[in-house]
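Worksheet: one structure, shown below.
The values are calculated or read from the model by the stated rules, or taken from the named source; none is laboratory data. Computed from a predicted structure; not experimentally measured. Cβ atoms come from the backbone with ideal geometry, glycine included; neighbour counts cover every protein chain shown.
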Amino acid sequence: MTLQHRLKMFGILLLGGCAAPGSAGAEPALPFKTEIIADFDAPWAMAFLPDGRMLVTEKRGQLLLVAADGKARQVVSGTLPVDFAGQGGLMDVVPAPGFAINHLVYFSFSERGPGGKGVVLARGRLVESGGARLEAVEVLHRATPYLPGNGHYSGRIAFSPDGQYLFYANGERQKFTPAQDPKMSLGKVLRLTLEGKAAPGNPLAAKGFDPAIWSYGHRNILGLAFDAQGRLWEQEMGPEGGDEVNLIAPGKNYGWPRVSNGRNYGAATDDIPDHAAGDGYEPPKVS
């Protein structure tokens, strides 16, 4: 899915969720026309199928198949139980690169497990005869370790332009240090096979890192997409004043929690060093 397509979908969800009649003050003119075609309960992600219909996730755990005009929808059964709390629940959904043939759908969600909670990557085959449902659902990857708390799961999914690899974002679960731990998948972008295994040729495996890691030093990635040139971009929720847009390069360290252009929430002073030339960390393209 392209970056432009992702941004368009995000805009539809955002505008649908935030529109409010009678808002005080004049709103600036937008360079496009908007139309609300459907309402959802805490929507988290939306993905288009080849025929123009949409798959929409709601955080409480419901997956919906929605007509292109938004007027008809049906619940897709067969998803796995989610832990709906804080930022957790049913998260991303993306059809497989070969969806038109194999009807596979990849999705992410939070669950409880030993030690606390974590984010899970799974897939299933969308079947519509006799009612929309996912069949042959299987868990492909669990971000480790599971930790207490309800935040910073990430769970974003993007397929490489050639359709051969799956890039998967894991947040650092509001625990800071996992983002720099080479043995943990938390606070990382992972590059996986379509079966959820560490992809061959990942850049840090020979240095003793978890072999799935593609980049590290991330906080809470909530956007992940390839552009028309095949470059991978991410949008990262930072500390106060420190949100980022990053161009993801293999093997690079993006600095969290050692550097950030923001400060920890509630801090009286700028308590995190800013990105600086020559500090060894990849600076954001936008911050």
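Search the stretch 118-134 for residues being part of a strand (DSSP E or B) and not aliphatic (A, V, I, L, M), and hand back the single one that is farthest from G78 (Cα to Cα).
G118
Six or more apart or on different chains, Cβ under 9 Å: which pairs go from a residue in the stretch 33-56 that's within 15 Å of F107 (Cβ to Cβ) and of a type in the set (F, W, Y) to one that's in a loop (DSSP other than H, G, I, E, B) and at pLDDT 95 or above? Could you list them?
W44/K59; W44/G89
Among the residues of the stretch 187-220, which ones are part of a loop (DSSP other than H, G, I, E, B), on the phi < 0 side of the Ramachandran plot and touching a Gly at 6+ places or on another chain (Cβ under 7 Å)?
P203, L204, H218, R219, N220
Looking only at the stretch 232-279, which residues are without any contact (Cβ under 8 Å) to a residue 24 or more places away in the chain and either under 24 Å from P211 (Cα atoms) or of a type in the set (K, R) (or both)?
Q235
Of the residues A67, A42, A72, A47, only one is surrounded by fewer than 14 Cβ atoms within 10 Å (Cβ to Cβ), at pLDDT 85 or above, closer than 24 Å to A158 by Cα and not aromatic (F, W, Y); which?
A42
Could you tell me whether K188 is of a type in the set (K, R) and more than 15 Å from the chain's Cα centre (by Cα)?
no
Being touching a strand residue (DSSP E or B) at 6+ places or on another chain (Cβ under 7 Å), not β-branched (V, I, T) and not in a strand (DSSP E or B) is the filter here; which residues of the stretch 69-80 pass it? Walk me through how you get there before you give the answer.
Residues of the stretch 69-80 that are touching a strand residue (DSSP E or B) at 6+ places or on another chain (Cβ under 7 Å), as a first pass: 73-80.
Going one step further and asking which of them are not β-branched (V, I, T), we end up with 73-74, 77-78, 80.
Residues satisfying the conditions are G78, L80.
Take E282 and decide whether it is among the acidic types (D, E), touching a residue at least 12 places away in the same chain (Cβ under 8 Å) and closer than 30 Å to V94 by Cβ.
For E282, the condition - among the acidic types (D, E), touching a residue at least 12 places away in the same chain (Cβ under 8 Å) and closer than 30 Å to V94 by Cβ - is met.
If you go through the stretch 151-179 one residue at a time, how many are of a type outside the set (G, A, S), surrounded by fewer than 18 Cβ atoms within 10 Å (Cβ to Cβ), touching a residue at least 24 places away in the same chain (Cβ under 8 Å) and over 15 Å from M237 (Cα atoms)?
3
State whether the residues of the stretch 261-282 include one that is part of a strand (DSSP E or B) and surrounded by fewer than 18 Cβ atoms within 10 Å (Cβ to Cβ).
Within the stretch 261-282, none of the residues are part of a strand (DSSP E or B) and surrounded by fewer than 18 Cβ atoms within 10 Å (Cβ to Cβ).
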